[in-house]
Amino acid sequence: MPFTYLGLPLSLNRPSVADYWPLVSRNERRLSIISIYLSQEGRLELTNAVFTALPTFTMCTSLLPKTVVKQIDKFRKRCLLRGCDINNKAPPKVAWKKLVCIPMDSGGLGVLNLSIQNEGLLLKYLHKFFKRLDIPWVHLVWERYYSNGRLPGTCRLGSFWWRDIVKLLSSYKGMARVSIKNGVTCFLWQDLWPDQVLEQAFPELHSYAINT
């Protein structure tokens, strides 16, 4: 270690930006001269079908560094707004996040925001964890870090991969409704009950709560 398995960098420590550079290089190679002959609609399709799809496998497993996302977005912008002319210094005609990444039914171009897509793909691990599915890594995390009954919260335990997943806890709790069974995976204040989060709805009352 470190080494690559199924195209993913594996290491005992958090992979560096350099470890993800083969992914960036694959995007750069796809920025071929053919894009200059495509119409605007064709370049939009190429951006979604190729440049947006290439990092999906990696984003299903790892939280990509912001530098890597920024570099992939650079190639997507070149393809969509400038064709293959990397020397074109003209400013873009539209704002990337304010228009390009807005859904088509809202007036945008429907290009996926990679950072949001990355987090959305990783939320499935929190779902599997709280559902306590019969998966080896779920059993391992529960037994190793939460056997005392404590749930993931402000104290982040485990590997860099699991800490990255726990960072998304507030997003997951904001959309996952509670189904009471034995109550071991429920938060009184942070969960959705059923249409509001009590910590947000009653902040003054929550200030008197003691975290145990």
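All of the numbers you see were taken from the coordinates with simple rules; none came from a lab. Computed from a prediction, not measured in an experiment: that's the story for all the values here.
A few notes on this one:
- The chain: DSSP helices with Cα axial extent of at least 30 Å and average Kyte-Doolittle hydropathy no lower than -1.0: none
- Against the empirical curve 2.2 N^0.38 Å, the C-alpha radius of gyration of the chain lands at a ratio of 1.25.
- Residues with amide H under 5 Å from that of residue 192, placed H, sequence gap 5 or more: 178
- Anisotropy class of segment 120-160 from Cα gyration tensor, a/c 1.5 cut: oblate
- Pairs beyond 27 Å (Cα-Cα), from 70/167; 66/131; 70/131: 66/131; 70/131
- Relative contact order (percent, whole number), the chain, Cα cutoff 8 Å, 6+ residue spacing: 14
- Debye-sum result for segment 1-73 in log10 I(q)/I(0), which assumes one identical scatterer on each alpha carbon, at q = 0.14, 0.17, 0.28 Å⁻¹: -0.49, -0.67, -1.38
- Over all orientations, segment 117-206 has a Cα convex hull whose mean projected area works out to 6.5 square nanometres.
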